[in-house]
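Report on one structure; see the data block that follows.
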Amino acid sequence: MAQPLMPHATASWLVDNTSLSFEQIAEFCGLHILEVNAIADDTAATKLTGRDPVRAHELTQEEIDKGQADPNYVLQMLKGPEQVRRTKGPRYTPVSKRQDKPDGIAWIIRNHPEITDGAISNLIGTTRTTIAAIRDRTHWNIANIVPKDPVTLGLTTQRELDAAVAKAAKAAGLEAPVDTRLEGDREALIEQLRAEREQAARDAEAAAEGGEAGPVEHTAETLFKS
């Protein structure tokens with residue numbers, strides 16, 4: 001499915017200007033739902049400047065209206081002549097990251113054995129011969145291969161990996177795992193920011209009434225400064 005030119009900025013605009021669900025926005029922008037949550041809760045590393053997909057001719061207002069009326073509706077992106085997508089051939093991986101492929105393959109084999117070699121090949125952009133060699137430990141550099149998350153290595157996206165895991169689990173009759181790795185940190189950070197906003201409001205109220213201000217408000221820099 002085609003994706004916006006600037007997915008994070010587009011997601012920011014859709015969060016601020018529509019009532020679309022986070023799932024709809026994540027699907028349209030090709031993002032993980034936690035990324036959309038972070039944008040909506042202002043917990044992203046930087047405040048994004050929204051990009052209007054309607055003005056960019058990537059989405060129509062009619063599509064937005066359909067999505068707002070039906071939370072299960074999947075937004076359809078406009079397909080203009082300038083949107084040329086590669087449909088055949090292996091996934092391109094920058095030269096600087098190609099040496100990381102064996103580590104990413106080893107991580108998937110170890111943590112998600114239900115994913116087929118074909119699916120791994122599509123995710124990482126490698127050959128089944130290489131995958132088989134790593135799986136049976138006959139790869140020429142097996143002694144130096146260290147399993148590492150392919151998302152962290154930049155070989156694939158969390159969304160693509162989650163989709164592959166869910167598809168493989170369904171085919172194997174297993175229950176797809178739910179990615180909750182970031183939930184605790186995200187919820188804690190949101191709660192901290194909410195507490196700071198409430199304290200700031202109390203301080204402002206006290207100052208207006210001539211009372212004493214409460215504790216010093218922490219900023220993102222002081223909160224995370226080691």
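Structure above, values below:
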quantity: In region 140-160, residue modelled with the lowest pLDDT [restricted to those that are among the aliphatic types (A, V, I, L, M) and open to solvent by less than 90 Å² (accessible area, probe 1.4 Å)]; calculated: 153
quantity: Test: residue in region 187-194 that is surrounded by fewer than 12 Cβ atoms within 10 Å (Cβ to Cβ), more than 23 Å from residue 24 (Cβ to Cβ), at pLDDT 65 or above and among the basic types (Lys, Arg); calculated: yes
quantity: Residue check, residue 137 at positive phi, open to solvent by 30 Å² or more (accessible area, probe 1.4 Å) and either in contact with a Cys (Cβ under 9 Å, 6 or more places away or on another chain) or not hydroxyl-bearing (Ser, Thr, Tyr) (or both); calculated: yes
quantity: Cβ pairs under 6 Å, 6+ apart, first in region 63-77 and free of Cβ contacts under 8 Å to residues at least 40 places away in the same chain and within 17 Å of residue 31 (Cα to Cα), second part of a loop (DSSP other than H, G, I, E, B) and of a type in the set (A, V, I, L, M, F, W, C); calculated: none
quantity: Every pair of residues 6+ apart whose Cβ atoms lie under 7 Å, when the first sits in region 152-168 and is under 18 Å from residue 29 (Cα atoms) while the second is acidic (Asp, Glu); calculated: 162/179
quantity: Hits in region 98-124 (condition: over 21 Å from the mean Cα position of the chain (by Cα) and in a loop (DSSP other than H, G, I, E, B)); calculated: 99, 113, 114, 116
quantity: Pick from region 11-43, criterion closer than 20 Å to residue 163 by Cβ and among the β-branched types (Val, Ile, Thr), ranking: most open to solvent (accessible area, probe 1.4 Å); calculated: 33
quantity: Identity of the residue in region 161-177, open to solvent by 70 Å² or more (accessible area, probe 1.4 Å) and either modelled with pLDDT of 85 or more or under 18 Å from the mean Cα position of the chain (by Cα) (or both), that ends up farthest from residue 41 (Cα to Cα); calculated: 170
quantity: Residues within region 125-160 that are more than 19 Å from the chain's Cα centre (by Cα), among the basic types (Lys, Arg) and not in a helix (DSSP H, G or I), tallied; calculated: 1
quantity: Criterion: surrounded by 13 or more Cβ atoms within 10 Å (Cβ to Cβ) and either out of contact with any strand residue (DSSP E or B) (no Cβ under 6 Å at 6 or more places or on another chain) or at pLDDT 85 or above (or both) - qualifying residue of 180, 126; calculated: 126
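The values are calculated or read from the model by the stated rules, or taken from the named source; none is laboratory data. Predicted, not measured: the structure shown is a model, and the values here were computed from it. Note that we place each Cβ from the backbone using ideal geometry, even for glycine, and neighbour counts take in every protein chain shown. What goes into the accessible areas is simple: the full protein's heavy atoms, side chains included, and nothing from ligands, DNA or RNA. Shrake-Rupley method; radii C 1.70, N 1.55, O 1.52, S 1.80 Å.
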